[in-house]
1. Would you confirm whether any residue within region 40-56 is touching a strand residue (DSSP E or B) at 6+ places or on another chain (Cβ under 7 Å), without any contact (Cβ under 8 Å) to a residue 12 or more places away in the chain and surrounded by 12 or more Cβ atoms within 10 Å (Cβ to Cβ)?
2. Does at least one position in region 66-73 carry a residue that is under 16 Å from residue 32 (Cα atoms) and either touching a residue at least 60 places away in the same chain (Cβ under 8 Å) or touching a helix residue (DSSP H, G or I) at 6+ places or on another chain (Cβ under 8 Å) (or both)?
3. For region 84-97, which positions are open to solvent by less than 50 Å² (accessible area, probe 1.4 Å) and either hydroxyl-bearing (Ser, Thr, Tyr) or assigned to a loop (DSSP other than H, G, I, E, B) (or both)?
4. Looking for whichever is of a type outside the set (D, E, K, R) and more than 12 Å from the ligand (Cβ to nearest atom) here; the options are 80, 56. Which one fits?
Amino acid sequence: MSTARRLFIIQLIPVAGGGLFAGRAWSQAMVDEKDPQATALGYVADAAKVDKAKYPKFAAGQACASCALFQAKAGAAAGPCPLFPAKQVAAKGWCSAYAKKP
Ligand code: SF4
């Protein structure tokens, strides 16, 4: 194998791996606010829409992105949360199980 061909293949590996990861991430549906689990936890995709009368512990600035249960990289628009298996929550979302990242 020529050096140029070997280099070409080595450069392709991260691209292919990234593509697979992105494909997996996008294959997960977003949590629907009307899902039974979502309504039980008061999940909203936009923390600005939290019912503050119903959830008085909500404080401005709280969102999935700063929750200890949010499992996406910093800056991601959405990511997994163990409370909603096989689905993604919005980084701007919120639910009553919010726990600030340490
Ligand atoms: Fe968002 Fe945290 Fe609630 Fe999961 S537990 S939906 S990350 S606020």
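1. no
2. No - not one qualifying residue is present in region 66-73.
3. Hits for region 84-97 are 84, 91, 93, 95, 96, 97.
4. Answer to the check: 56.
The values are calculated or read from the model by the stated rules, or taken from the named source; none is laboratory data. Please read these numbers as outputs of a predicted model, since none were measured by experiment. Neighbour counts run over all protein chains shown; Cβ positions are idealised from the backbone, glycine included. What goes into the accessible areas is simple: the full protein's heavy atoms, side chains included, and nothing from ligands, DNA or RNA. Shrake-Rupley method; radii C 1.70, N 1.55, O 1.52, S 1.80 Å.
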